[in-house]
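The values are calculated or read from the model by the stated rules, or taken from the named source; none is laboratory data. Fair warning: this is a prediction, and the values are worked out from it, not measured in the lab. Cβ sites come from the backbone with ideal geometry, for glycine too, and all protein chains shown count toward neighbours. For accessibility, only protein heavy atoms count, side chains too; no ligands or nucleic acids. Shrake-Rupley method; radii C 1.70, N 1.55, O 1.52, S 1.80 Å.
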Amino acid sequence: MAKLKEKIGYALGDAAAGGITWKVMSIAFPLFFTNIFGLTVADTATLMLIARMFDVVTDPMMGTLADRTQSRWGTYRPWLIYGAIPFGLIFALLLYTPEFGPVGKRIWAYTLYLLMMVVYTAVNVPYGSLLGVMTDDDNEKNQFSSFRMVGAYAMGFITLLSFPYLQKLVGGTDQHQYAVLGAFFGVIAAAGTLACGLLTKERLKPVRAEKFSFKPFGDLFRNRPWIILTLIGVCMNFFNGFRYAVAGYMFEYCMHGDVTVSGLIINYTVFMTFGELTCMIFGGISPVFTKWVGSKRKAFIWAAVICIVTSIAFFFVPMDAAYIWVMVAIVILTSIGIGIYSPLLWSMYADVSDYSTAKNGTSSTGLIFSSGTMAMKFGTAISGSLVALLLGVAGFISGTDVNGQTVITITDADAVNRMIWAIFSIFPAIIACIMLGLLYIYPIKK
């Protein structure tokens, strides 16, 4: 039986990865790259697409490599312990804007973003795989998964809520603010990752293959539960990715800047913070709700329905700051669904891993969990890339002039605003409908 200290240690891993680095990359990077760093819309979209194609190769390779690691720290923990400092450092450098021209900025952004994806993979794939070797008790897996999500959402809440206030505290230009906050949050992310590696335990030994083989890759594509669950994971992260990537543009252009209500600054990070807090609460409730409805699949279906209904409802809210609390209320309701289904995905990957071991005789825990990380990065970054492309189609143009200054041009403000509103509401609703269909054919009934 795992102690509370270990569960908190496991939660710190996703507090660092999901609550800080990935949260900032999801919600701030599209707007940061176009409006602050100075990349064009096309460069921003291309960067994210290239990174995703890169991840298609690196994530499964990392999963296979992690499965075969043997050290005094165990199989998966050494990747967290030794990867913590590079993880925080590269994240900090990615939020730094060098005084380069358009070509130099492009090279900096592409190099650092790809390095960030590599180190994120090297840390997060083993982190996810830990769940498969810390316990063989299904209820305890749900508890660990729930702690993970609460940790991620709690740190996401702190990160997003504090962001505008920390920006004011730092002062100076936008570039200076992001550079300082990148260093600050990078240190916290490194510390959380290291603590996770040191506080957790690997109680189960993976059933290793005798030597490297491509057979586990072939087995994956004969594993129907894995195929369906990975598609669900991609949809889940498309849903989140669209909303996070466009939130900054929504406040900048649809709401015409930050909204101040009774002294509270509501910008795009604070706006999404209301959702983070809700996700944190319902992430903790998720195991209880799952037990009440009878299975993880049924709980996931209920959560998807909530996301569909509330996303459609948001589309009909007037595009006016006077309705900010209506928007906040709908974001909170949507986040009930997200909070319920987020822990379930990783617990269901543990079920798929058990299914694979029983069917094939050897463990592919790291490889299977790497697909969950790949689905997360693929869905989030492709949605971010599509946001940039769709805004470009609507009439949003960004770039850097010969002096290295960021230049924004909007050729059709109404079209851009309508596109932003649809990306936050209708596009996620469509994705949630696809996710619901996949859940109906998912075969594992636990």
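General observations
- Checked against (1) buried (at least 17 other Cβ atoms within 10 Å of the Cβ); (2) at pLDDT 90 or above, Ser364 meets all criteria but (2).
- Cβ-Cβ under 6 Å pairs, at least 6 apart or on other chains, region 276-290 side in contact (Cβ under 8 Å) with a residue 24 or more places away in the chain, far side part of a helix (DSSP H, G or I) and surrounded by fewer than 19 Cβ atoms within 10 Å (Cβ to Cβ): Thr278/Ile332
- When residues of region 238-263 are limited to those that are of a type in the set (Phe, Trp, Tyr) and under 12 Å from the mean Cα position of the chain (by Cα), the one nearest to Cys307 (Cα to Cα): Phe239
- Region 410-443, subset part of a loop (DSSP other than H, G, I, E, B) and under 27 Å from Ile397 (Cβ atoms), residue modelled with the highest pLDDT: Ser425
- Of all residues making up region 225-269, the number that are closer than 17 Å to Phe32 by Cα, among the β-branched types (Val, Ile, Thr) and surrounded by fewer than 22 Cβ atoms within 10 Å (Cβ to Cβ): 0
- Any hit, region 103-121, residues being within 20 Å of the chain's Cα centre (by Cα), over 30 Å from Thr173 (Cα atoms) and open to solvent by less than 10 Å² (accessible area, probe 1.4 Å): yes
- Boolean, Val207 is outside any helix (DSSP H, G or I), of a type in the set (A, V, I, L, M), over 30 Å from Thr409 (Cα atoms) and at pLDDT below 90: yes
- Lone qualifier among Ala152, Ala190 - being within 29 Å of Leu264 (Cβ to Cβ) and either open to solvent by less than 40 Å² (accessible area, probe 1.4 Å) or not in a helix (DSSP H, G or I) (or both): Ala152
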